[in-house]
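Let me begin by presenting the structure, written as structure tokens, before commenting on it.
Read the figures in this text as sums done on the coordinates, not as results from a lab. Model, not experiment: these values are computed from the prediction. Cβ sites come from the backbone with ideal geometry, for glycine too, and all protein chains shown count toward neighbours.
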Amino acid sequence: MKKTKKKRLNIAHLHWGFPPVIGGVETHLTILLPMLAEMGHNVSLLTCSAEGAKAEDEFNKVSIMRAPIMDLNWLVKRGLHGIDKEVRKVYSTFIDKYKPDVLHAHNMHYFSKPHARILAEIAGKKGIPLFLTAHNVWDDNLFLELTINIKWTHIIAVSHFIEKELIGVGCSHKQTTTVHHGVDEKMFSPDIDPKPIFKKYPQLKGKKIFFHPARMGLAKGCDVSIKALRFIKERIPNAMLVLAGTKNIVDWGLTQQKDIAYMVHLVEKFDLKKNVLIDAYALDEMPMLYAASQVCVYPSSAPEPFGLTMLESMATERPMIVSKAGGMPEIIRDGINGFIIPIKGYEELASRVVQLFSDDKLRERFGKVGRSMVEKGYTRRSVAEATLELYRKFC
């Protein structure tokens with residue numbers, strides 16, 4: 001039987017941030033969108049303006065359009081009153097230019113009612129399927145209203161945990177599908193040479209390093225890692241905790257700097273300055289930081305939706321320790337490719353880090369299993385194919 005050639009799609013995504021703005025969703029888009037383009041589709045993104053970034057540009061065959069009206073950091077200061085006309089104008093310009101067969105929004109079930117409402121209106125009038133990827137859930141009325149009352153064609157959840165939460169507030173199980181993230185398994189691999197990182201940060205040479213790759217914040221459990229370091233240092237004096245302080249992020253609640261100040265105070269109070277590295281790292285430095293580390297940790301204190309850093313750690317054959325929070329236990333299997341600890345369990349975290357520092361064979365086994373899991377089900381192609389499969393059901 002002759003195979004029918006599948007239609008080349010015009011796929012338009014919308015999100016509040018994209019590099020140089022850094023975050024989990026932003027990183028996900030740098031993986032998914034170029035892969036869709038590599039597979040032969042026309043891919044575009046509407047996102048926020050950013051210092052040093054052009055209003056229109058291209059990123060790995062993906063067309064990027066930037067507008068101030070998509071900048072949450074600016075909107076939280078300005079307020080959302082009276083923005084409808086500008087939102088509608090920017091959306092219309094974007095859609096008229098790229099003529100999408102699919103509109104795919106990320107985290108537009110929160111933050112701004114005008115943005116979600118106007119997007120749904122335009123999509124409905126033009127008959128364009130409107131997808132939402134829910135990277136997070138929240139416990140308030142705005143989340144309920146924009147998740148349930150906006151006419152999303154289909155909702156993609158980034159984990160079974162998120163899908164369950166969506167169904168819990170009234171979404172139909174027929175309207176939601178879990179698609180786990182993928183990772184660039186070539187960018188993050190066991191073969192990465194960490195020498196440039198040791199050259200940039202000579203204080204890391206010869207140290208036992210555990211890396212907390214999520215951006216610094218209390219919700220991410222960075223304070224848990226610092227508390228654990230006190231106990232780890234007693235057993236392993238040359239232990240080093242690497243924390244990722246970020247400059248360019250979407251900080252809707254404007255809490256980032258407050259969180260960082262508290263954690264810096266913790267480091268100073270516990271006399272750990274010589275055992276902690278805090279800096280803002282470029283995306284191309286992240287694989288080398290994994291390679292330089294023996295263990296990775298993500299002891300989130302909040303229900304983490306997924307945690308892309310888990311896949312990055314696994315892809316580089318580094319064992320990861322996570323808290324029993326949100327969607328992370330869907331990927332990290334206790335005693336198989338890492339460890340799971342209780343939320344706020346800094347003593348348990350310390351014990352597991354010391355165990356992995358001290359057992360080369362266990363670290364290697366966890367790392368090999370993690371890499372194998374990534375290759376079988378969490379590559380950039382696998383997430384793109386799963387997403388395309390959903391598009392095709394409605395196009």
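Region 259-395: D in µm²/s via Stokes-Einstein (Kirkwood Rh, Cα pairs, 4 °C, 1.567 mPa s)?
This corresponds to a translational diffusion coefficient of 79 µm²/s.
Show me 185-198, 108-121 ranked by packing, highest mean number of other Cβ atoms within 10 Å first.
Highest mean packing first, the order is 108-121, 185-198.
Could you give the radius of gyration (one decimal) and Dmax (whole number) of the Cα atoms in region 89-215, in Å?
Rg then Dmax for region 89-215, in Å: 20.2, 62.
What residue among A12, T47, I64 has its Cα farthest toward the positive end of the dipole of region 1-73, where the charges are +1 on Lys, Arg and -1 on Asp, Glu, each on the Cβ?
Towards the positive end, the residue furthest out is A12.
Could you tell me which of rounded, prolate or oblate describes region 79-136, using a ≥ b ≥ c as the square roots of the eigenvalues of the alpha-carbon gyration tensor, with rounded for a/c under 1.5 and, failing that, prolate when a/b is larger than b/c and oblate otherwise?
Taking the square roots of the gyration eigenvalues as a ≥ b ≥ c, region 79-136 is oblate.
Please list 3J(HN,Hα) in residue order for region 47-64, calculated via the Karplus relation 6.51 cos²θ - 1.76 cosθ + 1.60 where θ = phi - 60°; whole Hz, with x for glycine and proline.
Karplus values, whole Hz, x for Gly and Pro: 8, 7, 5, 8, 4, x, 9, 6, 5, 9, 7, 10, 10, 6, 6, 9, 7, 10.
So how far apart, in nm, are the two label points at E86 and K7 if each is 7 Å from Cα heading toward Cβ?
Spacing of the two 7 Å Cα→Cβ label points: 3.5 nm.
Nearest 5 percent is fine: what portion of the DSSP beta bridges confined to the chain is antiparallel?
The antiparallel fraction comes to roughly 10 percent.
So how tilted is helix 84-98 from the main axis of the chain? Cα-based, degrees 0 to 90, rounded to 10.
90
Length gain on complete extension for the stretch A282 to L142, per 0.36 nm per residue less the alpha carbon to alpha carbon distance?
Additional length available on full extension: 47.0 nm.
For region 197-246, rounded, prolate or oblate, judged on the Cα gyration tensor with a ≥ b ≥ c (square roots of eigenvalues), a/c < 1.5 rounded, else prolate if a/b > b/c?
Judged from the Cα gyration tensor, region 197-246 comes out oblate (a/c at least 1.5, b/c at or above a/b).
What's log10 of I(q)/I(0) for region 31-150 at q = 0.21 Å⁻¹, Debye sum over Cα points only, no solvent?
Once normalised to I(0) and log-transformed, intensities are -1.42.
Work out how much length D193 to L362 would gain on full extension: take 0.36 nm times their residue separation and subtract the Cα-Cα distance, in nm to one decimal.
58.7 nm
Students often get this wrong, so check it: of K199/K368; K220/K273; K61/K324; K164/K220; K77/K186, which have C-alpha atoms separated by over 32 Å?
Over 32 Å Cα-Cα: K61/K324; K77/K186.
Give me the aspartates and glutamates in straight-line cross-link reach of K151: C-alpha distance below 14 Å, same-chain residues under 8 apart excluded.
Straight-line reach from K151, under 14 Å: E121.
If you compute Cα extents along the principal axes in Å for the structure shown, which of (1) 64, 58, 41; (2) 75, 58, 38; (3) 74, 67, 42 do you land on?
So the calculated entry is the one marked (1).
Taking 0.36 nm per intervening residue step and subtracting the Cα-Cα distance, what contour gain separates I343 from K77 on full extension?
My answer for the length gained is 92.5 nm.
With θ set to phi - 60°, apply the Karplus curve 6.51 cos²θ - 1.76 cosθ + 1.60 along region 361-375 and write out the HN-Hα couplings as whole Hz, x wherever there is a Gly or Pro.
Karplus values, whole Hz, x for Gly and Pro: 5, 5, 4, 5, 5, 4, x, 5, 5, x, 4, 4, 4, 4, 4.
Mind running the shape call on region 260-332? Use the C-alpha gyration tensor, a ≥ b ≥ c as the square roots of the eigenvalues: rounded below 1.5 for a/c, prolate if a/b tops b/c, oblate otherwise.
Oblate, because a/c is 1.5 or more while a/b does not exceed b/c.
Each residue of region 21-31 in order: what ³J(HN,Hα) in whole Hz does its phi give by Karplus 6.51 cos²θ - 1.76 cosθ + 1.60, θ = phi - 60°, with x for Gly and Pro?
6, 10, x, x, 5, 4, 5, 4, 5, 5, 8
Treat every Asp and Glu Cβ in region 195-377 as -1 and every Lys and Arg Cβ as +1, leave all other atoms uncharged, and give the resulting dipole magnitude about the Cα centre to the nearest 20 debye.
With only Lys, Arg, Asp and Glu charged at Cβ, the dipole is about 500 debye.
Roughly how tilted is helix 256-269, in degrees to the nearest 10 and between 0 and 90, from the longest Cα axis of the chain?
So the helix axis and the longest Cα principal axis differ by about 0 degrees.
Answer with one residue from F161, Y201, W138: the one whose Cα lies farthest towards the positive end of the charge dipole of region 135-210, charges on Cβ with Lys, Arg +1 and Asp, Glu -1.
Y201
Would you mind checking which residues have amide H under 5 Å from V183's amide H? H placed 1.01 Å from N; only 5 or more apart, or other chain.
Counting only residues 5 or more places away or on other chains, the set is T379, R380.
Taking the Cα centre of the chain as origin, work out the dipole magnitude from +1 charges on Lys and Arg Cβ and -1 charges on Asp and Glu Cβ, in debye rounded to 20.
In debye, rounded to 20, the chain gives about 700.
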